[in-house]
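Comments concern the structure below.
The values are calculated or read from the model by the stated rules, or taken from the named source; none is laboratory data. This structure is a prediction, so every number in the text was calculated from the model and none was measured. Counting neighbours? That spans all protein chains shown, and the Cβs are built from the backbone with ideal geometry, glycine included.
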Amino acid sequence: MSSSSSVKDELISRIGGSVVASLNAGEALKSWRERLSIKQVELAKAMSISPSVLSDYESGRRPSPGVAFVKRYAEALIKMDANRGNLLGKIMEPTEDSAILDIGEFQQPITAAEVVKMVDGKVLSGEAYLDSSIYGYTVLDSIRTIYSLSGFSFYRIFGATTERVLAFTKVGIGRSPLVAIRVSQFKPRMVVLHGPSHVDQLAIDLAEREQIVLALSSVQREDVFVKLFRKLIPG
């Protein structure tokens, strides 16, 4: 298998995984297209389907798309993007001095409430969503995230799905991580902060606006906090 084929397959897997794992498959499809600034009518033409059919899938008027449709959708996006600057390719680029301390996908989803318990956390926002399913996690150094992850590269932290928890270490008052999420088109299901004794009200307000479960961990040691999530991955 060539390197380009390998990258393409991984991108298809990344896009497809995020759509299948999402609570709203149509919205997940739409978000990928809009991130790449591809118009609905253009993508429909590339897929040899009518714009109305594509619109029905993205809006949820049709039942959730099957695996075959999601694959066609991803393949068309990748091909169009390759001719427009290859933004998707940047997802696959490694970063030096990465802000990502750990990242993983759970074999079985857990609830946001279970994450709160695991990190000995206090819920600051989103109590109504504590029964939401969490499919993966990303642990981030908040300072490095600000300096080394920007623009499209920020999307790498979402792994295979946005239905995940973003856990930030070295947090000051909690404002910066939530501001970064606010301006991103990707939104995690949950955010856990480690470090501050209290969290800025703006961060809480932003989490509420984005309907994100926000929790503050009381785990004392950062290294212990980072390793908590890895324990949920078998092997």
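Kindly indicate whether SER52 is modelled with pLDDT under 85, out of contact with any helix residue (DSSP H, G or I) (no Cβ under 7 Å at 6 or more places or on another chain) and not assigned by TED's automatic domain parsing to the domain that holds SER184. Taking the combined requirement at face value, the residue does not satisfy it. Looking only at residues of the stretch 69-115 that are polar (S, T, N, Q) and more than 30 Å from MET47 (Cα to Cα), we find that the one that is modelled with the lowest pLDDT is THR95.
Hey, could you check the stretch 29-66 for residues that are of a type in the set (Gly, Ala, Ser) and outside any loop (DSSP other than H, G, I, E, B) and say which is farthest from ARG156 (Cα to Cα)? Taking the candidates together, the pick is SER52. The residue pairs whose first member lies in the stretch 183-212 and is assigned by TED's automatic domain parsing to the domain that holds ASN24, whose second member is surrounded by fewer than 24 Cβ atoms within 10 Å (Cβ to Cβ) and at pLDDT 95 or above, and whose beta carbons are closer than 9 Å, counting only pairs six or more residues apart or on different chains, do not exist in this structure. Filtered by the rule that a residue be closer than 17 Å to LEU101 by Cβ and modelled with pLDDT under 85, the stretch 177-194 gives a lone residue, ALA180.
Scanning the stretch 176-198 for residues that are part of a loop (DSSP other than H, G, I, E, B) and surrounded by fewer than 23 Cβ atoms within 10 Å (Cβ to Cβ) turns up SER184, GLN185, PHE186, LYS187, GLY195, PRO196, SER197, HIS198. Residues that are surrounded by fewer than 20 Cβ atoms within 10 Å (Cβ to Cβ) and in contact with a Ser or Thr (Cβ under 6 Å, 6 or more places away or on another chain) within the stretch 122-145 comprise just one, ASP131. Does LEU216 qualify as being outside the structural domain of VAL19 (by TED's automatic domain parsing), assigned to a helix (DSSP H, G or I) and within 20 Å of the chain's Cα centre (by Cα)? So LEU216 fails the test.
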